[in-house]
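The values are calculated or read from the model by the stated rules, or taken from the named source; none is laboratory data. Remember, it's a predicted structure, so these values are computed and weren't measured experimentally. All Cβ positions, even for glycine, are placed from backbone atoms using ideal geometry, and neighbour counts span all protein chains on display.
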Amino acid sequence: MTTLSDLQIRRDSLIKQMASLQKRVTHGDKSVEFDLTQASTALSMLDREISRASEARVARHIRVRSGKDL
(Lines give C-alpha, C1' and ligand atoms only; values in the text may rest on other atoms or scores of the structure.)
Protein backbone atom coordinates (compact mmCIF):
# COMPACT_ATOMS: atom_id res chain seq x y z
CA MET A 1 0.00 0.00 0.00
CA THR A 2 1.29 3.45 -0.84
CA THR A 3 1.99 5.93 1.90
CA LEU A 4 0.47 9.36 2.29
CA SER A 5 3.70 11.08 1.23
CA ASP A 6 3.88 8.95 -1.95
CA LEU A 7 0.32 9.91 -2.84
CA GLN A 8 1.07 13.60 -2.23
CA ILE A 9 4.15 13.40 -4.47
CA ARG A 10 2.06 11.80 -7.22
CA ARG A 11 -0.59 14.51 -6.86
CA ASP A 12 1.98 17.30 -7.08
CA SER A 13 3.50 15.70 -10.18
CA LEU A 14 0.08 15.36 -11.82
CA ILE A 15 -0.76 19.01 -11.12
CA LYS A 16 2.53 20.08 -12.76
CA GLN A 17 1.72 17.95 -15.80
CA MET A 18 -1.81 19.35 -15.99
CA ALA A 19 -0.45 22.89 -15.99
CA SER A 20 1.58 22.13 -19.12
CA LEU A 21 -1.27 20.43 -21.01
CA GLN A 22 -2.91 22.26 -23.87
CA LYS A 23 -6.52 21.80 -24.77
CA ARG A 24 -6.20 23.02 -28.35
CA VAL A 25 -3.21 22.96 -30.69
CA THR A 26 -3.23 24.87 -33.95
CA HIS A 27 -0.69 24.54 -36.72
CA GLY A 28 -1.38 26.55 -39.83
CA ASP A 29 -4.99 25.98 -40.83
CA LYS A 30 -5.33 22.72 -38.87
CA SER A 31 -6.25 22.43 -35.23
CA VAL A 32 -6.68 19.56 -32.81
CA GLU A 33 -8.66 19.69 -29.57
CA PHE A 34 -7.77 17.30 -26.74
CA ASP A 35 -10.03 15.94 -24.01
CA LEU A 36 -8.49 16.59 -20.58
CA THR A 37 -11.07 14.70 -18.52
CA GLN A 38 -8.71 11.79 -17.89
CA ALA A 39 -6.26 14.06 -16.10
CA SER A 40 -8.98 15.59 -13.93
CA THR A 41 -10.39 12.13 -13.18
CA ALA A 42 -6.95 10.94 -12.10
CA LEU A 43 -6.60 13.99 -9.86
CA SER A 44 -9.94 13.35 -8.17
CA MET A 45 -9.00 9.69 -7.64
CA LEU A 46 -5.74 10.73 -6.01
CA ASP A 47 -7.58 13.21 -3.79
CA ARG A 48 -9.93 10.44 -2.64
CA GLU A 49 -7.01 8.13 -1.88
CA ILE A 50 -5.24 10.89 0.06
CA SER A 51 -8.31 11.64 2.14
CA ARG A 52 -8.83 7.93 2.80
CA ALA A 53 -5.18 7.48 3.83
CA SER A 54 -5.16 10.55 6.08
CA GLU A 55 -8.27 9.58 8.03
CA ALA A 56 -7.56 8.24 11.48
CA ARG A 57 -8.88 4.73 11.81
CA VAL A 58 -11.19 4.37 14.77
CA ALA A 59 -11.40 0.99 16.40
CA ARG A 60 -15.00 0.24 17.18
CA HIS A 61 -16.25 -2.41 19.53
CA ILE A 62 -19.81 -3.59 19.61
CA ARG A 63 -21.00 -5.18 22.79
CA VAL A 64 -24.25 -7.10 22.63
CA ARG A 65 -26.21 -7.98 25.75
CA SER A 66 -29.37 -9.93 25.91
CA GLY A 67 -31.66 -11.02 28.72
CA LYS A 68 -32.85 -13.98 26.72
CA ASP A 69 -30.95 -17.03 25.59
CA LEU A 70 -29.88 -16.20 22.08
Among the residues of region 34-57, write down those that are touching a helix residue (DSSP H, G or I) at 6+ places or on another chain (Cβ under 6 Å) and either loosely packed, with under 10 Cβ neighbours inside 10 Å or among the charged types (D, E, K, R) (or both). 49
Looking only at residues in region 4-33 that are loosely packed, with under 10 Cβ neighbours inside 10 Å and not charged (D, E, K, R), which one is nearest to residue 49 (Cα to Cα)? 5
If you check every pair at least six apart or on different chains, which have Cβ atoms under 7 Å apart with a residue in region 13-32 that is over 22 Å from residue 47 (Cβ atoms) first and a residue that is modelled with pLDDT of 85 or more and of a type in the set (Ser, Thr, Tyr) second? 24/31; 25/31
Taking the criterion of being part of a helix (DSSP H, G or I) and modelled with pLDDT under 85, would at least one residue in region 20-34 satisfy it? yes
